[in-house]
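For reference, the structure is listed below as structure tokens.
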Number of protein chains: 2
Amino acid sequence: MKQNRKIVLSESEMPKQWYNITADMKNQPQPLLNPGTREPLKAAEMEGLFAKELVAQEFSSQRWHDIPEEVLELYKIYRPTPLVRAYGLERALDTPAKIYFKNESVSPVGSHKLNTAIPQAYYNKVQGITNITTETGAGQWGSAMSVACQHFGLDLNVFMVRQSYDAKPYRKVVIKSYGGKVHASPSALTEYGRSLLAGDPSNRGSLGIAISEAVEMAVTNPGTKYTLGSVLDHVLLHQTIIGLEAEKQMEMAGEFPDKIIACFGGGSNFAGISFPFLRHKLTGDGNSKAAGLKLIAAEPAACPKLSRGKLEYDFGDTAGMTPLIPMYTLGHDFAPEQIHAAGLRYHGGGRIVSRLKADGFLDSIAVEQTEAFAAGLLFAKSEGIIPAPESTHAIAATIREALKAKESGKSEVILFNLSGHGLLDMAAYEEYLP
Amino acid sequence: MKQNRKIVLSESEMPKQWYNITADMKNQPQPLLNPGTREPLKAAEMEGLFAKELVAQEFSSQRWHDIPEEVLELYKIYRPTPLVRAYGLERALDTPAKIYFKNESVSPVGSHKLNTAIPQAYYNKVQGITNITTETGAGQWGSAMSVACQHFGLDLNVFMVRQSYDAKPYRKVVIKSYGGKVHASPSALTEYGRSLLAGDPSNRGSLGIAISEAVEMAVTNPGTKYTLGSVLDHVLLHQTIIGLEAEKQMEMAGEFPDKIIACFGGGSNFAGISFPFLRHKLTGDGNSKAAGLKLIAAEPAACPKLSRGKLEYDFGDTAGMTPLIPMYTLGHDFAPEQIHAAGLRYHGGGRIVSRLKADGFLDSIAVEQTEAFAAGLLFAKSEGIIPAPESTHAIAATIREALKAKESGKSEVILFNLSGHGLLDMAAYEEYLP
């Protein structure tokens, strides 16, 4: 009998803990630095910007972190998400490879971002914080935070990269429908924004600039904290729910992946799907298949921080307000082309992923936008789901690997993360269609 | 322990048959008539327009119809869909009512329409048809047909109501991304379209006009058949997969609904969710709760065919090219206001639903657009999902019933169908937001 297309878990089978990979890394990632003193950042210094519990997670070396009951409850809006055997794509490619994808697009805001938005809002709420600021590039993160803040009764201000604000008109309405406030960045609401607009009133913005504005608003307003949708350790921690579910589901299918592929912006969906599997390789716990596991980060050719960046200390934002992060970076003032995958237009790779890359635990490949959209359309036609522009990069990399497998006649198991759907990005598809 | 939020079925638990309610109706719906002779329409006459097997289903009195294996396989892209206990909405309303909804919005095109698009494309393919025409109002049906036609290798032409074509720019890109061709209606591609444009070049179109154009293209081109997304018996038949799944899921929750609510355009999502439950009332099969079951069709106040229409023979389209249908109708030339819920702007109620309404098996209520959007936003904030403008009517009706239950202190069980999400309708929400 043919295997099921979707492998599903019940709510009671949802993992109850997140996985912290730093507990299992022989070479620890280097610490964040205070940009003034260049001394290792202290937790107390970070607590001005982030909720205490999130800072505690950022500095934690504990392997497993309990997921709070309130967070689990809200996860159930869309979790557990299905693991899907991509029979349609396999047929279209005529490949002997078995392709699986984790379908994070079933989230009501259309991407994996809710996985960390919910706990971030929760920990702020618990601490008595009333106001949250954040930035958004593609709009996925801003939408997710607006759902989470709405649920926990937090006021939310989202700085949205001007380019996306104009190109993705539906995204800001989504944010507003959930009760969030959204501002095109650079904006007149912050000193940094005003200074940029003074120099260039038609500044199109960038993720780095939007972060600077959100940080400025958080530090200059009492009762206000900042939240970040990727890059930092605690964000990656929350996203491991993806891979922990996928691990159970792959077991149900009787498989362990040979390759895991995800698109790469700040690293959170990549870490989320791959770290729980990678732990078997790091710990050498006897999983015989883990030794051969390959991880592939799919970057846009327009912003290839892992493939072309340098491993060094750099700022997380453009204005230089964040701590210094040891990471593969194209430079915090790098201005990538205006590709449609706005969520991948970030200059740096985060400290954990960068350490793992330096130690040879993952590969990266750079994908041109045209190849990515062609892959997205093939996926839509063969699997019925229109992927987010970001996710098309993972699909393009998957197709490359599946075609290699066809050439070599090898029946390998590929798992990729479908980080989101593209229904709010149809303007991008329109441009690509003939 | 708290009950699960989502009640899920595995793929193997998916129903293998559709339910034909006419087998259990004491008063049979009246036949369709040939508009020329006013004689009952013969199957052979209908086969000029529709695939043979669909016509056979249209004329069938058989209670259960096997779902073909190829259709089941494609259903698995998104089915079974979750049944969800709306704890968030219950809390927001502080109601003793238990509210459940069937989440058809998880379909990759965002609505229940794929449930019938897949079998319609399949039966056409089996018959050797190569080209399909159809119309679309909101765009949901056109998107669904484009997925299904793509899968079975059929060429598709979609006539999209001009009003929606302009107001919902993303929808047509979705259709194109899946490989369908889409034309604003009225168009210059048909004689009828050209005649309308000659009279009024800025004609905004209507569902009735778009149907006329799609029918004309089908009958004037060899190897081409027409498909319809609602109203007809075979469409309702396919949609019963919704209610058959929901029945299993309600059983798992230990419940039988007191009230079932769905929005009402041509009747397919309403029939889909409710007929499998109604069968227990029609057959008096000993289900003690079925006797008290109430069905509520939620119509837009701008197009209240069931609440205000007359039960009489009328055309399904504006030009008068279809058979005559015995149904509650506002007149085939009725021009409803340009409300956002384009999928509900249809003048008639179909023959089965109209018969059931005349025999007292269902109630209808008319909902103003402002009430519908307010309900939609409350649902988005409390359940995390932005509903389609059409579905907001069902939510508004559900809220009315839940507040009545609060007033009377009655703990009743309400089940409604979330026919689709609104992510492709954010322009409509934007207009409604302050």
Checklist entry - What are the residues in segment A:193-232 that are of a type in the set (D, E, K, R) and more than 22 Å from A:GLY48 (Cβ to Cβ), if any? => result A:ARG194, A:ASP200, A:ARG204
Checklist outcome for this item: When restricted to A:LEU324, A:LEU330, A:LEU344, the only residue at pLDDT 95 or above and open to solvent by less than 40 Å² (accessible area, probe 1.4 Å) is A:LEU324
Checklist entry - Quick one: in segment A:1-39, which of the residues that are among the polar types (S, T, N, Q), surrounded by 13 or more Cβ atoms within 10 Å (Cβ to Cβ) and outside any loop (DSSP other than H, G, I, E, B) is farthest from the other protein chains (Cβ to nearest Cβ)? => result A:THR22
Next on the checklist: With the requirement that a residue be in contact with a Lys or Arg (Cβ under 7 Å, 6 or more places away or on another chain) and either surrounded by fewer than 24 Cβ atoms within 10 Å (Cβ to Cβ) or free of Cβ contacts under 8 Å to residues at least 40 places away in the same chain (or both), what does segment A:115-142 give you?
Outcome noted: A:GLN127, A:ILE129
Item to check | Whichever residue in segment A:383-424 is over 21 Å from the mean Cα position of the chain (by Cα) and polar (S, T, N, Q) and, among such residues, is farthest from B:ARG171 (Cα to Cα) | outcome: A:SER408
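Listed here are the residues, each with its yes/no results for (1) more than 14 Å from chain A (Cβ to nearest Cβ); (2) in a helix (DSSP H, G or I); (3) within 30 Å of A:MET145 (Cα to Cα).
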| site | (1), (2), (3) |
| --- | --- |
| B:ARG355 | yes, yes, no |
| B:SER364 | yes, no, no |
| B:ALA375 | no, yes, yes |
| B:PHE379 | no, yes, yes |
| B:ALA396 | yes, yes, yes |
| B:ALA427 | no, yes, yes |
| B:PRO434 | no, no, yes |
Item to check | Which numbered condition A:LYS181 fails, given (1) within 14 Å of another protein chain (Cβ to nearest Cβ); (2) in contact with a Cys (Cβ under 9 Å, 6 or more places away or on another chain) | outcome: (2)
Item to check | Subset of segment B:373-406 [out of contact with any Asp or Glu (no Cβ under 9 Å at 6 or more places or on another chain), farther than 18 Å from B:ALA297 by Cα and open to solvent by less than 10 Å² (accessible area, probe 1.4 Å)] | outcome: B:PHE379, B:ALA380, B:GLU383, B:GLY384
Item to check | Restricting segment B:67-96 to residues that are open to solvent by 20 Å² or more (accessible area, probe 1.4 Å) and of a type in the set (A, V, I, L, M), the residue that is farthest from the other protein chains (Cβ to nearest Cβ) | outcome: B:ALA92
Checklist entry - So which residues in segment A:381-394 are outside any loop (DSSP other than H, G, I, E, B) and within 14 Å of chain B (Cβ to nearest Cβ)? => result A:LYS381, A:SER382, A:GLU383, A:PRO387, A:PRO389, A:SER391, A:THR392
Checklist outcome for this item: Of (1) touching an Asp or Glu at 6+ places or on another chain (Cβ under 9 Å); (2) more than 22 Å from A:PHE264 (Cα to Cα), A:SER146 fails just (1)
Checklist entry - Is it the case that some residue within segment A:290-305 is part of a helix (DSSP H, G or I), touching a helix residue (DSSP H, G or I) at 6+ places or on another chain (Cβ under 8 Å) and not charged (D, E, K, R)? => result yes
Checklist entry - What is the number of the single condition among (1) under 18 Å from the mean Cα position of the chain (by Cα); (2) farther than 24 Å from B:GLU213 by Cα; (3) open to solvent by less than 20 Å² (accessible area, probe 1.4 Å) that B:ASP363 does not meet? => result (3)
Next on the checklist: Looking at A:GLY409 and the list (1) surrounded by fewer than 23 Cβ atoms within 10 Å (Cβ to Cβ); (2) at the interface with chain B (Cβ under 9 Å from one of its Cβ atoms); (3) within 21 Å of A:TYR87 (Cα to Cα), which single condition is not satisfied?
Outcome noted: (2)
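The values are calculated or read from the model by the stated rules, or taken from the named source; none is laboratory data. Here the structure is a predicted model, which is why all the values come from computation and not from measurement. Don't worry about glycine lacking a Cβ; one is built from the backbone with ideal geometry, like all the others, and counts go over all protein chains shown. To get the accessible areas, we keep the full protein, side chains included, count just its heavy atoms, and leave off ligands, DNA and RNA. Shrake-Rupley method; radii C 1.70, N 1.55, O 1.52, S 1.80 Å.
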